[in-house]
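S.K.: This structure is in structure tokens; I'll ask about it shortly.
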Amino acid sequence: MEKIAFIGGGNMASAIIGGMIASGWTPSRITVVDPNADQRNRLTAQHGVTTADEVASAAAADIIVLAVKPQVIAAVAKQMDADLSGKLILSIAAGVTIESLEDLFGPVAIARTMPNTPALLGLGATGLYVNDHTTDAQRMAAREIIEAFGICVIVEREHLLDAVTAVSGSGPAYYFLMIEEMIRAGIILGLPPEDARALTLQTALGAAAMAAQGDSPEDLRARVTSPNGTTHAAIVSLQKNGFGEVIAKAMTVCRDRAMELGRG
């Protein structure tokens, strides 16, 4: 049975571990390395996993998850000081390229991911790229881990992770902004703040749930947009004011910034 070690026990690591246990992983197969004693105690109490404070202890695992800030990874590699042949390194550190990881850990199997914050609720949307040293079995293992806390999209070129960042990595913030503005507009139109919030949030949930059933967004929009009706007036106003262009430009700027950060 494969064993997995998390280096870093923060919120994202805890979310992944919770999803893995819910999908069948036994806590005895999971170790979390974190220097913070309170963090270790919390993870043991919450998930029943083994914890440690020395990075070197992670080398005994078959899969090592780098769940630390990007600037800490070089120090982690130095502390590891072990032969990682045959092991899989799964990185959730934003902006750290496969080349950089190979320079630090050597020519071993590496999977680079780009999760997003809804992973904390088991609703993550994550991009995955693996290097040439990764076997089919390791690739499948990485995918199964990711799917324990949401959906996984495998990309065939590493640079496409920057596009994943623009769509799903940063995407929740776009929706949060839309929700903010709809609540604000509802209040301006006369609704009490609590009603504007409740109606906006339920509408967002309902729209996402309908779109997830399989029909295209275009078809769904057409069904609720009667010619010359209220929704039609709103949609025409959005399109006339460049709604689509604003979204596309924002996502392109996001992608470009992700590329800059990846180059260091």
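S.K.: Rank these for me by crowding, 57, 14, 216, going from fewest to most other beta carbons within 10 Å.
M.R.: Listed from fewest to most nearby Cβ atoms, that is 216, 57, 14.
S.K.: At a Cα cut-off below 17 Å, give the lysines reachable from residue 69, other chains included and same-chain residues fewer than 8 away excluded.
M.R.: Hits, sequence-local ones excluded: 78.
S.K.: Can you quote the Å³ per residue value for the convex hull of the Cα atoms in the range 4-158, rounded to an integer?
M.R.: About 97 Å³ per residue, rounded to a whole number.
S.K.: Now for a separate question. Using Cα positions and a limit of under 20 Å, work out the aspartates and glutamates in reach of residue 3, with same-chain residues fewer than 8 apart set aside.
M.R.: Cross-link targets: 34, 53, 54, 62, 81, 83, 136, 144, 147.
S.K.: Suppose we keep just the DSSP beta bridges with both residues in the range 4-158; what percent of those would be antiparallel, to 5?
M.R.: 15 percent
S.K.: Give me the net charge for the shell around residue 88: Cβ to Cβ below 11 angstrom, other residues only, Lys and Arg +1, Asp and Glu -1.
M.R.: Charge balance in the 11 Å sphere: 0.
S.K.: Counting DSSP beta bridges in the chain, what percent are antiparallel, to the nearest 5?
M.R.: Expressed as a percentage, antiparallel bridges in the chain total about 15.
S.K.: Could you tell me the center-to-center distance, by alpha carbons, between the range 170-191 and the range 13-65 in angstrom?
M.R.: Each part reduced to its Cα centre gives a spacing of 37 Å.
S.K.: Next question, about the same structure. Any chance you could run the full-extension gain for residue 226 through residue 45? It's 0.36 nm times the residue separation minus the Cα-Cα distance, nm to one decimal.
M.R.: Stretched fully, the residue 226-residue 45 segment lengthens by 59.7 nm.
S.K.: Ignoring solvent entirely, what values of log10 I(q)/I(0) come out of the Debye formula for the range 171-263 at 0.15 Å⁻¹ when each Cα is a single scatterer?
M.R.: Those come out to -0.79, one per q.
S.K.: Same structure again: On average over all directions, what projected area in square nanometres does the chain have, based on the convex hull of its Cα atoms?
M.R.: 16.5 nm²
S.K.: Okay, moving on. If you filter the range 80-162 for trypsin sites (Lys or Arg not before Pro), then keep DSSP loop positions with at most 16 other Cβ within 10 Å, what is left?
M.R.: 157
S.K.: If you don't mind, there's one more thing I want to ask. Would you work out which of 150, 182, 259 lies farthest towards the positive end of the dipole of the chain, given +1 charges on the beta-carbon of Lys and Arg and -1 on that of Asp and Glu, about the Cα centre?
M.R.: Farthest towards the positive end: 182.
S.K.: What residues qualify as long-range amide H neighbours of residue 116, i.e. H under 5 Å apart, gap of 5 or more or another chain, H built at 1.01 Å from N?
M.R.: Distant-sequence amide H within range of residue 116: 125.
S.K.: May I ask you to list the lysines whose Cα is less than 20 Å away from that of residue 240, ignoring any residue fewer than eight positions away on the same chain?
M.R.: Within the straight-line limit of under 20 Å, residue 240 reaches these lysines: 249.
Laboratory data are not the source of any read-out in this text; all were calculated from the coordinates shown. The shown structure was predicted, so the numbers you read here are calculated from the model rather than taken from an experiment. Cβ coordinates were reconstructed from backbone atoms using ideal geometry, including for glycine residues, and neighbour counts include every protein chain displayed.
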